[in-house]
Amino acid sequence: MAEPNLQVCPTRIDGSAVLFAHKVDRPRCQERQRQRYHKCFTCAWNNSYVAKHGEPAPAPVPGGAALGEPLPVS
Ligand code: SF4
């Protein structure tokens with residue numbers, strides 16, 4: 001499970017697996033959204049999606065990667 005205040009980036013709205021993901025903290029997530037990071041539009045952490053549906057459940061993080069470190073491909 002992700003550490004508190006860290007989220008898997010991106011977390012797909014439909015729950016599908018992503019090829020490349022890592023963990024980010026909230027300020028980094030907000031910064032990326034302001035910069036229109038291309039993965040944000042289909043992410044469950046997108047502010048627009050969270051406003052309508054609430055925050056996604058914490059996702060398990062394979063391998064316990066550190067902040068900013070790429071997650072292993074499954
Ligand atoms: S909203 Fe964007 S920056 Fe935040 S977790 Fe999702 S993809 Fe990453």
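Where a number appears in this text, it was derived from the coordinates with a stated rule and is not lab data. Everything quoted here is computed from the prediction, not taken from an experiment. Because the Cβ atoms are built from the backbone with ideal geometry, glycine has one as well, and the counts that use them run over all protein chains shown.
Things worth noting here:
- Test: residue in the stretch 22-39 that is more than 9 Å from the ligand (Cβ to nearest atom), in a loop (DSSP other than H, G, I, E, B) and closer than 14 Å to Ala57 by Cβ: no
- Within the stretch 10-17, not a single residue is over 11 Å from the mean Cα position of the chain (by Cα) and near the ligand (Cβ under 9 Å from one of its atoms).
- Selection from the stretch 40-55 of residues that are over 20 Å from Asn5 (Cβ atoms) and either under 12 Å from the mean Cα position of the chain (by Cα) or within 8 Å of the ligand (Cβ to nearest atom) (or both): Phe41, Thr42
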